[in-house]
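For reference, the structure is listed below as structure tokens.
The values are calculated or read from the model by the stated rules, or taken from the named source; none is laboratory data. Here the structure is a predicted model, which is why all the values come from computation and not from measurement. No Cβ is skipped: glycine too gets one built from the backbone with ideal geometry, and neighbour counts run over all protein chains shown.
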Amino acid sequence: MEDRYSSSSSNRDDSHSEDDNQDKPFSKLCAPCIELFSGWLHPGGEEEPTNRVGSKHLKIHSSINALRECSSRTCRLCRSLLFRIPLGSLTSDDRYRDVPYEATLSYSLGSNSFGPVIEISLRSSDSRSRSSITLNSLVVHDGIELDKKVLLQAPRLRLEPAFSPSTRRRVQQWLDHCCNQHSICKLEHDDSWLPSRLIEIGDGGQSARLVETSELDRPLRYTTLSHCWGSRRTTTLLEHNLDEFKEGIKSIPKTYLDAMFVTHDMGVRYIWIDSLCIMQDSSRDWHRECKEMSKIYKYGYCNIVAMMAHNSHGGCNLTSQFISTPDLVLRSQWHNAENKVWGIDQQTELQKQNPNATIKESPAHRRAWIFQERHMSPRNIHLGMRAIFCECREFIEVIDFPNILYSEKKDLRWSLFHDPTSGTIPSSEHLLRTWDDLVSTYTRLALTFPADRLAAISALARQIQPSLRRATLRDCDYLAGIWSHDLVPQLLWKAGNPSTTKRIPDGGPSWSWISLDGPVDPRWGEGEVKLTPVEIKSWSFAGQDPFIRVTGGEFKMKGFVFTTAPGLKFVETTEGSRFLFQTDRHTTDKVGLLAPLLISEQSTLSLTVEGLILERKCAPGLQFERVGIFTLSHYSHILRSGFEIGSQDHIFWGLKAEGSFKAVSTLDGFSEDEALRATDGTLDYLLV
């Protein structure tokens, strides 16, 4: 994904230079795309389409990689389509697989309020990826249709710089309105609290020095910066240059300078930048500041996001200028339709786009650390290539240079900030679902150091914990990525892509998703939980802080453990039973021990047993590691045989009846643990 953006962003920066230098207004196309705009538009012979509405289909390119190569060489249309495919949802294998892509040109040539319109959509044959763009019949301001002559003679006007005075005024108006009018954005704000250190910005926003905030009067405002560090070396605070930074920071990367300029323009003198305010070679300093990350962003005035920069030298696009003519200009040459000049109306495109999706697809927002920075900050200013996205806890507003294009109310389901005086307290179920959504999104983002998997979401965990305690009216402990309230279902998360998932060395206990380097999703089952035939007696951790760094941990469990027949695979019997399993990593290909954790009722006709696949460790006593999850479902005719949820003899009717499963308590290999087994067949064991 990163190489896609590095190529796309550079291509988009000079998106007009190639055509301008050749003095040709029409964009270059590859052979398949040329075919879309030539020949027969509609299979109606030489006559024009009678209904003037229809579509034309054409297979182009064999894979995402082929589309990428074509877009980088010549074809502007392929480039536009590629830019709109959410590549983050695809695996590396998906991008190279031989999967044909079909382009569909849908047209509406009749007169309507929008004029003639064409939509180009691209979809893979397996429907894993798709994108679309809309082309309008281009006109100049006096209503004359654009043709080659008009385009060549049109003045090459440029818009104002991205962060022009008029744009800056609009951003400031948005900030003032949010601070004064948005009640949710003002929740939990404390302008008397400050981080340990801040950067003081000099006159003009072009010089800076580090200050200890213990020396500053309060209250005061400060901004924060979210950015990609990148692979290029950048200026950082170290133990040996602490005093030097207090005198003045000599070498300041462009991204930092741009953020300082924006901050200074707001009338704010201080900014917090992680690489300049945390000593990067001091573990003690890093852990101390990391504990305060939720406050650092929550109490800031606003967060500036260098949305498109790949490193600290990329800048914030403050001086970018854009040619006012369209990025993509095509002329149709159909045999049976009126031919026109077509192009992308950038304003229409921005209005169509989902701001959340545009933000998420940017290079900065593919970085895991920025995920919590965005959600904790009361206000975010995302500085993009063609627009500024002003986002607070209530609204997202898109400012196209220099106009306001789009404003939407945010989905407050994502908000972690609730007014305790409002009389409405979110339920624990709602909060746990929100946490599941956050974890699912977060684990799909890039993290330079996998060991930071817990730390980079710690601010969100600290934020949601008080709400969980209010909702449950009891202590709710954070257990290295999951919560003590309603704990058993949370142990049934699944790996999103086992074929590429790896175990993180010293990354934490196997029962937590933090132990894996890869995407995870919450539990499979959706039915009502009827029984949890396992008891979690206690838990303990190895590490400095359960929010920041955990290297190990164990649950003391009491429950059933079953062994499976050799070579057990997916099973679906003629009697209606179904056994499914998924291992966490591709290196684990065997299903040995099963620990049922809960029984849920999917409907009045079916029940499901869900649990963990375990592997025994070479250690004293019964110690197991999680290696996957399983489900075992049974349907109505099984229930008619007399099964009842409260019947201890039939709790695991499926496991016993299938004949492929045996209770561990009957195995000779566990004879040394006889003292740990209860008379009902349960075991006392450790899940580590």
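Results, tabulated for the structure shown:
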read-out	value
Members of the range 38-79 that are in contact with a strand residue (DSSP E or B) (Cβ under 6 Å, 6 or more places away or on another chain), at pLDDT 75 or above and not in a loop (DSSP other than H, G, I, E, B)	S38, S55, K56, H57, L58, K59, I60
Condition check for R453: in contact (Cβ under 8 Å) with a residue 24 or more places away in the chain, of a type outside the set (D, E) and assigned by TED's automatic domain parsing to the domain that holds G553	no
Conditions (1) over 29 Å from Q172 (Cβ atoms); (2) assigned to a helix (DSSP H, G or I); number of the one not met by F261	(1)
Subset of the range 330-385 (residues that are modelled with pLDDT under 70, out of contact with any Leu (no Cβ under 7 Å at 6 or more places or on another chain) and within 26 Å of F163 (Cβ to Cβ))	D345, Q346, T348, E349, K352, Q353, N354
Test: residue in the range 280-297 that is crowded, with 20+ Cβ neighbours inside 10 Å, more than 22 Å from the chain's Cα centre (by Cα) and under 25 Å from C390 (Cβ atoms)	no
Qualifying residue in the range 479-487 (condition: surrounded by 22 or more Cβ atoms within 10 Å (Cβ to Cβ) and on the phi > 0 side of the Ramachandran plot)	yes
Condition met for H240 (surrounded by fewer than 23 Cβ atoms within 10 Å (Cβ to Cβ) and out of contact with any strand residue (DSSP E or B) (no Cβ under 9 Å at 6 or more places or on another chain))	yes
Test for D217: is it exposed (fewer than 15 other Cβ atoms within 10 Å of the Cβ) and either touching a Ser or Thr at 6+ places or on another chain (Cβ under 7 Å) or touching a residue at least 60 places away in the same chain (Cβ under 8 Å) (or both)	no
Complete set of residues in the range 529-552 that are within 18 Å of C290 (Cα to Cα), assigned to a strand (DSSP E or B) and of a type in the set (V, I, T)	V550, T551
Boolean, D517 is within 27 Å of C228 (Cβ to Cβ) and modelled with pLDDT under 95	yes
Those residues of the range 529-555 which are within 16 Å of A480 (Cα to Cα) and basic (K, R), in sequence order	R549
Within the range 230-273, tally of residues that are under 21 Å from H310 (Cα atoms), among the charged types (D, E, K, R) and in contact (Cβ under 8 Å) with a residue 40 or more places away in the chain	3
Residue in the range 438-453 that is in a helix (DSSP H, G or I) and acidic (D, E) present	yes
